[in-house]
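So the structure is just underneath, and the comments pick up after that.
The values are calculated or read from the model by the stated rules, or taken from the named source; none is laboratory data. None of the values given here were measured: they were computed from a predicted structure. Positions of Cβ are backbone-derived with ideal geometry, glycine not excepted, and every protein chain shown enters the neighbour counts. Just the protein is used for accessible areas: all its heavy atoms, side chains included, with ligands, DNA and RNA removed. Shrake-Rupley method; radii C 1.70, N 1.55, O 1.52, S 1.80 Å.
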Amino acid sequence: MTSLPPQPISPLDGRYRKAVEGLGDTLSEAGLNKARVHVEVEWLAYLTTHSLLGGTPMGDEQLAALRDWAQNFGQAEIDELAETEKTTQHDVKAVEYLVRARLEAQGLGHLAELTHVCCTSEDINNLSYALTVKQAVADVWRPKFVAVLDELERQAQGYSDLAMMSRTHGQPATPTTLGKELAVFVHRLRRQLRQIDQVEYLGKFSGATGTFAAHLAADPSADWETISREFVEGLGLTWNPLTTQIESHDWQAELYSRMAHANRILHNLATDVWSYISIGYFRQTPVAGATGSSTMPHKVNPIRFENAEANLELSNALLDSLAETLVTSRWQRDLTDSSAQRNIGVAFGHSVLALDNILKGLGQIDAAPEVLAADLDANWEVLGEAIQTVIRAEVTAGRSTISDPYAALKDLTRGRRIGQAELVEFVQGLEIGDEAKQRLLALTPAGYVGNAAKLLSYL
């Protein structure tokens with residue numbers, strides 16, 4: 001048997017690559033190395049611009065060329081790093097050698113010893129991860145999330161007045177509108193997005209155990225804490241002054257926990273929409289040429305929402321693991337965080353894939369008003385709540401002497417299907433004020449939705 005040519009193991013890099021390809025620019029090994037090169041170059045730029053540790057400022061064109069090289073990090077640099085790491089057996093050291101070689105090529109060899117000076121690997125890594133994760137959220141995950149939110153709100157507004165039977169505990173309950181139920185998800189998801197947007201992306205830059213020891217040994221006169229703060233903040237991150245060798249990763253745990261929470265709400269959305277499809281509240285739009293079942297030609301399966309469920313669960317398994325693992329480090333440093341962080345892209349990828357499926361799924365469904373109306377008309381007993389509540393108000397106001405109105409409606413409606421005629425007969429026989437009686441007689445299940453549509457104003 002012949003072997004296949006090299007194949008991706010993860011479906012994110014195979015079957016679903018197109019849906020998640022934007023993440024590869026940041027949350028891949030190459031993306032991380034590009035960020036490492038960027039941080040190393042910017043540290044060189046900072047040192048030379050401020051004439052620190054004997055460095056002299058580069059010419060404007062030289063610095064621009066160095067930054068341009070870092071910005072255009074590509075396949076040549078990827079290949080060179082891979083070759084160098086075969087010898088160094090250390091990824092960050094390979095990056096250092098890559099930058100040194102570039103300095104020599106640009107005639108800046110006299111600055112080579114400033115490459116990675118006063119840095120432990122984690123000074124470079126923590127800033128690189130913060131930059132790549134921040135970019136992945138902003139450029140890939142968040143736009144997908146917002147696209148789902150926008151489509152969900154569009155449908156919520158469009159169905160704001162479309163009455164629908166609620167099903168608390170799976171049983172017919174006080175009616176609502178389809179739009180209001182979708183709006184609940186919009187409201188929940190927006191709240192999570194606000195919290196994700198508020199996450200701080202922290203960075204440390206203080207040496208081997210976070211004490212600036214090497215910095216002070218090299219130049220005791222420099223204000224290294226201010227230098228560190230300015231450098232980290234100059235990268236668009238928030239400075240963390242108190243760390244061990246590693247940045248403590250609390251911000252990562254906070255971000256991943258909030259993303260996992262958002263994923264869980266999306267999972268709830270997927271299961272609810274799937275359930276509405278199963279009872280006919282939503283019709284699926286057949287996709288030309290698509291097959292629902294290999295043997296049952298009639299089927300249009302809700303695969304987008306099922307796919308989303310599975311990918312949200314996979315994403316959360318990793319996000320939860322990352323949030324738990326990254327906040328613990330033995331003493332001043334162990335390597336568990338390094339191994340765990342290489343899976344950030346996988347966690348993001350499954351979430352992005354789920355968002356892609358939810359967005360496509362929402363675009364392939366339409367409400368079925370006639371099914372919703374028929375279901376409401378078949379469940380007049382849900383008006384029992386309104387009737388017993390009105391009776392209570394009438395008793396309190398002195399316009400009725402009915403005892404235990406709840407029990408009376410319970411006897412009439414619990415576990416029974418009754419229609420309009422039975423309810424009308426019951427209401428007409430009630431000892432209540434005429435205005436209240438007429439209000440009840442005018443009620444229908446489809447009209448018993450309270451302020452459901454008005455509540456969408458809170459979106």
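Summary of computed values
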| item | result |
| --- | --- |
| Single match in Ala82, Ala105 (criterion: more than 37 Å from the chain's Cα centre (by Cα) and open to solvent by 30 Å² or more (accessible area, probe 1.4 Å)) | Ala105 |
| Single residue of the stretch 449-459 satisfying the filter (open to solvent by less than 40 Å² (accessible area, probe 1.4 Å) and of a type in the set (Gly, Ala, Ser)) that is farthest from Met165 (Cα to Cα) | Ala453 |
| Hits in the stretch 424-448 - residues which are open to solvent by less than 60 Å² (accessible area, probe 1.4 Å) and part of a loop (DSSP other than H, G, I, E, B) | Leu430, Ile432, Gly433, Leu443, Thr444, Tyr448 |
| Condition met for Ala421 (at pLDDT 90 or above and surrounded by fewer than 13 Cβ atoms within 10 Å (Cβ to Cβ)) | yes |
| Residue in the stretch 292-315 that is at pLDDT 95 or above, touching an Asp or Glu at 6+ places or on another chain (Cβ under 7 Å), part of a helix (DSSP H, G or I) and not polar (S, T, N, Q) present | no |
| Which numbered condition Val184 misses (of (1) without any contact (Cβ under 8 Å) to a residue 12 or more places away in the chain; (2) under 28 Å from Thr336 (Cβ atoms); (3) among the aliphatic types (A, V, I, L, M)) | (2) |
| Within the stretch 369-389, considering residues that are more than 21 Å from Ile279 (Cα to Cα) and not polar (S, T, N, Q), the one surrounded by the fewest Cβ atoms within 10 Å (Cβ to Cβ) | Glu385 |
| Residue within the stretch 350-368 that is over 30 Å from Ser315 (Cβ atoms) and part of a helix (DSSP H, G or I) present | no |
| Options Val199, Val186: the member that is closer than 30 Å to Leu456 by Cβ, crowded, with 22+ Cβ neighbours inside 10 Å and at pLDDT 95 or above | Val186 |
| Scan of the stretch 40-62 for residues that are in a helix (DSSP H, G or I) and either under 22 Å from Thr26 (Cα atoms) or open to solvent by less than 30 Å² (accessible area, probe 1.4 Å) (or both), ordered by number | Glu40, Val41, Glu42, Trp43, Leu44, Ala45, Tyr46, Leu47, Thr48 |
| Considering residues of the stretch 70-79 that are closer than 29 Å to Trp224 by Cβ and not in a loop (DSSP other than H, G, I, E, B) only, the residue most open to solvent (accessible area, probe 1.4 Å) | Gln71 |
| Residue within the stretch 110-127 that is in contact (Cβ under 8 Å) with a residue 12 or more places away in the chain, crowded, with 21+ Cβ neighbours inside 10 Å, outside any helix (DSSP H, G or I) and of a type in the set (S, T, N, Q) present | yes |
| Single match in Lys18, Lys34, Lys93 (criterion: exposed (fewer than 14 other Cβ atoms within 10 Å of the Cβ), part of a helix (DSSP H, G or I) and of a type outside the set (Ser, Thr, Tyr)) | Lys18 |
| Qualifying residues in the stretch 390-418 (those that are part of a loop (DSSP other than H, G, I, E, B) and charged (D, E, K, R)) - the one least open to solvent (accessible area, probe 1.4 Å) | Asp404 |
| Residue in the stretch 213-233 that is farther than 19 Å from Val140 by Cβ, open to solvent by 60 Å² or more (accessible area, probe 1.4 Å) and within 13 Å of the chain's Cα centre (by Cα) present | no |
| Test: residue in the stretch 156-174 that is touching a Leu at 6+ places or on another chain (Cβ under 8 Å), open to solvent by less than 60 Å² (accessible area, probe 1.4 Å) and in a helix (DSSP H, G or I) | yes |
| Residue match in the stretch 337-349 (condition: part of a loop (DSSP other than H, G, I, E, B), at pLDDT 95 or above and within 24 Å of Asp272 (Cα to Cα)) | no |
